[in-house]
1. What are the residues in segment 18-49 that are among the basic types (Lys, Arg), closer than 14 Å to residue 116 by Cα and in contact (Cβ under 8 Å) with a residue 12 or more places away in the chain, if any?
2. Being farther than 16 Å from residue 126 by Cα and either of a type in the set (Phe, Trp, Tyr) or without any contact (Cβ under 8 Å) to a residue 24 or more places away in the chain (or both): is that true of residue 15 here?
3. Considering segment 12-47 alone, what residues qualify as being of a type in the set (D, E, K, R) and over 20 Å from the mean Cα position of the chain (by Cα)?
4. Being in a helix (DSSP H, G or I) and either modelled with pLDDT under 95 or touching a Lys or Arg at 6+ places or on another chain (Cβ under 7 Å) (or both) is the filter here, so list the residues in segment 100-117 that pass it.
5. Any residue in segment 37-50 that is within 18 Å of residue 98 (Cβ to Cβ), surrounded by 13 or more Cβ atoms within 10 Å (Cβ to Cβ) and hydrophobic (A, V, I, L, M, F, W, C)?
6. Give segment 61-107 a look and list any residue that's more than 15 Å from residue 140 (Cβ to Cβ) and among the small types (Gly, Ala, Ser), or say none.
7. Would you check if residue 66 is under 30 Å from residue 5 (Cβ atoms) and more than 12 Å from the chain's Cα centre (by Cα)?
Amino acid sequence: MNKIKKLKQDYNKLVKKYKRSKLPSFDQLNQEFGIEFLAEHETELLARLIRHRIHERVESFARLLERFLVPHDSILFLYATKQLAENDKHTIDTIVKRLAKLIFDSLAIEMKDYNEKTEVEFIAKAYREWKKIRVNIAEIISKIQSSFDEQTQAKFKQYFG
């Protein structure tokens with residue numbers, strides 16, 4: 001059997017077992033967190049593996065965004081930060097705090113004995129929260145992208161205008 005197909009079947013068992021938790025579909029979760037990567041791992045603790053994957057993704061975005069707040073070691077982030085308005089920096093700070101909450105919730109679960117229901121509840125909550133946060137992250141990235149595009153066009157006009 002295809003490993004991804006087996007992973008989907010195992011995940012769908014969790015969905016059925018924990019209907020009240022309102023887990024997203026496999027495809028939704030995969031689209032947001034790339035969980036098909038987990039098909040390479042044999043496990044009895046699928047919910048924990050999925051939580052780990054979510055944790056990694058959330059933490060990577062938290063680390064990226066915090067560099068806009070403290071850009072001291074990167075010219076790229078120093079420049080990008082200069083392009084942001086104060087309200088954008090406030091938005092980034094709020095996003096980082098929301099991501100940090102998910103990270104620490106995940107860590108708290110990690111420190112306890114395995115409890116599948118707790119893992120599943122975290123997955124459902126993290127997915128719902130991520131869907132909201134992702135919109136804010138996309139807006140910030142779009143603003144930064146636009147500022148770079150505007151700068152590039154202005155320099156192009158200086159050279160050839």
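1. 48 - this is the single residue of segment 18-49 that is among the basic types (Lys, Arg), closer than 14 Å to residue 116 by Cα and in contact (Cβ under 8 Å) with a residue 12 or more places away in the chain.
2. Against the criterion (farther than 16 Å from residue 126 by Cα and either of a type in the set (Phe, Trp, Tyr) or without any contact (Cβ under 8 Å) to a residue 24 or more places away in the chain (or both)), residue 15 does not qualify.
3. 13, 16, 17, 19, 20, 40, 42, 44
4. Narrowing segment 100-117 to residues in a helix (DSSP H, G or I): 100-110, 116-117.
The answer is 106, 109.
5. no
6. Selection gives 74, 100, 106.
7. It is false that residue 66 is under 30 Å from residue 5 (Cβ atoms) and more than 12 Å from the chain's Cα centre (by Cα).
The values are calculated or read from the model by the stated rules, or taken from the named source; none is laboratory data. A quick note: this is a predicted structure, and the numbers were derived from the prediction, not measured. Note: ideal-geometry Cβ built from the backbone for every residue, glycine included; neighbour counts use all protein chains shown.
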